[in-house]
Amino acid sequence: VLLLSPFIVSAEREEGYVARATLAGTRVRTALRDVGSSVSVVTSRFLEDTSSTHAAQLLVYTPNTEVSGPGGNFLGAGDDVNAGEVRYGQSRVRGLLAADHTRDFFLTEIPWDSYNTERIDLQRVPNSVLFGIGSPAGIINSSLARTTFTETHRVEMKVDNFGTAR
């Protein structure tokens, strides 16, 4: 008789602001406490509570990231040829240029939006170069929301001080 060690398959999701596992850093689903690199996971609950609908709004709340312009946390005037020009919405990660954006760990130019995003994984180390992405600033990965195959309805309205309605 051969006795195999038991294993558990779980599809549990995050609870509130707490994420338990990530694919960032190892490309295998790993508990965050076992990942040896700097990874932050932003859950859909955090996106909802901060009303972050795109990267420029979210990166103000994450460590080692900066966003230029109104509501940002740095000026955005670079030291390149256009040194006096302020670029709004420009981001920096770890003081470097913007990180690469991925969707489910595939490089993309499509910006994410909170209406169909389940979580954001920020990997802020040069370790991201090992996985074929190549940005020394890291990657910002958006994971699309899972389908539930149940009939649900949701209506949401957001208005801000500047006349924007969503």
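Read the figures in this text as sums done on the coordinates, not as results from a lab. Every value quoted in this text rests on a predicted model; they were computed, and no experiment measured them. Cβ sites come from the backbone with ideal geometry, for glycine too, and all protein chains shown count toward neighbours.
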**Prompt:** So if R0 is 35 Å, what FRET efficiency would LEU97 and GLU48 give, r being the distance between their Cβ atoms, rounded to the nearest 0.05?
**Reply:** 0.75
**Message:** I'd like to compare 152-161, 99-108, 53-62: which one has the highest average count of other Cβ atoms within 10 Å, and what's the full order after that?
**Reply:** 53-62, 99-108, 152-161
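Give, as a single signed number, the net charge of other residues whose beta carbon lies under 15 Å from the beta carbon of THR65, with Lys and Arg counted +1 and Asp and Glu -1.
Spelling it out: positives minus negatives among the neighbours equals 0.
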**Request:** Would you please give the FRET efficiency between LEU4 and SER38, computed as 1/(1 + (r/R0)^6) with r the Cβ-Cβ distance and R0 = 41 Å, to the nearest 0.05?
**Result:** 0.70
**Asked** What is the gain in length, in nm to one decimal, between THR26 and THR148 on full extension, counting 0.36 nm per residue of separation less the C-alpha to C-alpha distance?
**Response** 41.2 nm
**Prompt:** What ³J(HN,Hα) values, in whole Hz, does the Karplus curve 6.51 cos²θ - 1.76 cosθ + 1.60 give for segment 138-148 when θ = phi - 60°, with x put for Gly and Pro?
**Reply:** x, 10, 10, 9, 10, 10, 5, 5, 7, 7, 10
